Amino acid sequence: MEVKKIDHIGIAVKSIEESLPYYVETLRLELLGMEEVESEKVKVAFLKIGESKIELLEPISPDSAIAKFIEKRGEGIHHIALGVDDIQGRIDELKTKGIRMIHETPKIGAGGNLVAFMHPKSTGGVLYELCQKPGAEVHK
C-alpha cells in the first residue's frame, strides 16, 4: 500500500477571511470552496495548488484543536495530508510498524473524505493525516 500524493497541507489561521487575499490575490491560487466541519469545530477553505491543495483551518470554538494549536504555536503549518486508497489497510500496516495512531479507524473529515491522523511522537514531530476520497472502498 502506497501513498498516492500529498493531498493537502493544513495551515492553521486565526481568520480565513483575513488570510484569503494572500492566497487568492497574491499567490493567485483558486479557491475551491469553504465548509464548516462541526465535529472538529473548524471552518476550512481549500485552495488548489497544482494537483494538491492547501487547507486553511480556522477555529470556530475556543476549545477546538486548531484554537489550542494557534494558542500554543501560533498560525502556521498544522499537518500534511497523504492521499491513500485503502485508509484502514494503511492504518493497520502503520500500526504493525510501530506508528501510534490518533485515530485507529477512519472518520469523516472535510469534503466527505475519510481521515485518520498519526501521532507526531511517532513521526518525527510532524502531524500526518491519511486521507481517502469519498466513495472508495473501506476495508474493515
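The table that follows gives values for the structure above.
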{"item": "Exposure proxy ranking, count of Cβ atoms within 10 Å, fewest first, for VAL3, VAL13", "result": "VAL3, VAL13"}
{"item": "Least to most buried among HIS119, HIS8 (fewest other Cβ within 10 Å first)", "result": "HIS119, HIS8"}
{"item": "Prolate/oblate/rounded call for the chain, Cα gyration tensor, a/c under 1.5 rounded", "result": "prolate"}
{"item": "Point-to-point label distance, ARG28-SER15, nm (Cα→Cβ direction, 7 Å offset)", "result": "2.7 nm"}
{"item": "Built amide H within the under 5 Å cut-off of ARG100, gap 5+", "result": "HIS119, SER122"}
{"item": "Cα centroid separation - segment 21-58 against segment 61-140, whole Å", "result": "18 Å"}
{"item": "For VAL84, VAL115, VAL37, VAL24, order by how many other beta-carbon atoms lie within 10 Å, fewest first", "result": "VAL24, VAL37, VAL115, VAL84"}
{"item": "Most fluctuating residue given options GLY83, GLY33, GLY98, as computed from a GNM of the chain linking Cα atoms under 10 Å", "result": "GLY98"}
{"item": "Check: segment 9-140 dipole with +1 on Lys, Arg Cβ and -1 on Asp, Glu Cβ, in debye", "result": "500 debye"}
{"item": "Local net charge near SER19, Cβ-Cβ under 14 Å (Lys/Arg +1, Asp/Glu -1)", "result": "-4"}
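Here, each number is a calculation from the coordinates, and none is a lab measurement. As the structure is a computational prediction, the values presented were derived from the model and not from experiment. Here the Cβ is made from the backbone with ideal geometry for all residues, glycine too, and neighbour counts use every protein chain on show.
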